[in-house]
């Protein structure tokens, strides 16, 4: 079965600083990968998804970007963080064909100060 | 477009009491339905899923859910709640491509001793 790792677990960054969050997946090949954001007390907002290396779809306009340099690596970035970027970031994986559910990593808590 | 509603933002039950969390969906085709649980500061864990077949599905931790097409509902139930069940519960609907995956806003469950 698949395992999803997220790094770091928590992060405190000043406004205007860059961001890089990493998600890696073990135990599956060619997965669909997703980045979600969860603001405090709110539901999940899909930010990006990827069906393959270098293939990124953005769901909402924002100052964040995503990249997939390897099959099982998904990176969320920003050049300049805003206060509104604070939240809980979750990486998810749909392992492959014939599987319809998503599996989630442990999340990264980002606080922008 | 798909949508999911969870009418109850917060539910409080006593330990040992039965539980039902409501979920209604809107989807043009046959839905793929899921329930997830999230403990504070954690990622989401899949409780159960429905694709086809028997409309009553069993999941982990003693949970079950029933798909009712006529009511567009997929309610989650547990006969006897444990204190460790206190968490946020999310209903989700997806398609067979795994790309259109929509979460409800969540229901927070509190358990009284």
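Values in this text are rule-based calculations from the coordinates and carry no lab data. None of the values given here were measured: they were computed from a predicted structure. In this analysis, Cβ positions are derived from the backbone assuming ideal geometry, glycine residues included, and neighbour counts consider all displayed protein chains.
So if I take the centroid of the Cα atoms in the stretch B:17-62 and the same for the stretch A:1-69, what is the distance between those two points in Å?
So the separation of the two Cα centres works out to 23 Å.
Please list the radius of gyration and Dmax for the stretch B:32-88, considering alpha-carbon atoms only, with Å as the unit.
11.9, 36
Can you give me the convex hull volume of the Cα atoms of chain A, divided per residue and expressed in Å³?
Values: hull volume 10.6 nm³, N = 113.
Hull volume over Cα atoms, normalised by residue count, gives 94 Å³.
With label points built 7 Å along Cα→Cβ from the Cα atoms of residue B:39 and residue A:111, find their separation and express it in nm.
Placing both labels 7 Å along Cα→Cβ, they lie 2.2 nm apart.
Who wins for biggest fluctuation among B:86, B:65, B:29 in a Gaussian network model of chain B, springs between alpha carbons below 10 Å?
B:29
Using a 10 angstrom cutoff on alpha carbons, build the Gaussian network for chain B and name the most mobile of B:41, B:59, B:16.
B:41
Taking the number of other C-beta atoms within 10 Å as the exposure measure, put A:4, A:75 in order starting with the fewest.
Details: A:4 25, A:75 19.
With the fewest neighbours first, A:4, A:75 line up as A:75, A:4.
Most exposed first by the Cβ proxy, i.e. fewest other Cβ within 10 Å, how do A:82, A:21 rank?
Values: A:82 13, A:21 21.
Least to most surrounded, the residues fall as A:82, A:21.
Please provide three numbers in whole Å: the alpha-carbon extents of the protein assembly as shown along the principal axes, with the largest listed first.
48, 39, 31
To make sure I understand, if each residue's beta carbon is the centre and we count other beta carbons within 10 Å, what order do A:60, B:102 fall in, fewest to most? Kindly include the intermediate steps, with their values, before the conclusion.
Values: A:60 10, B:102 20.
Ordered from fewest to most neighbouring Cβ atoms within 10 Å, A:60, B:102 come out as A:60, B:102.
Could you identify which residue out of B:77, B:69, B:22 has the top mean-square fluctuation in a GNM of chain B using Cα springs shorter than 10 Å?
Of the options given, B:69 has the highest mean-square fluctuation.
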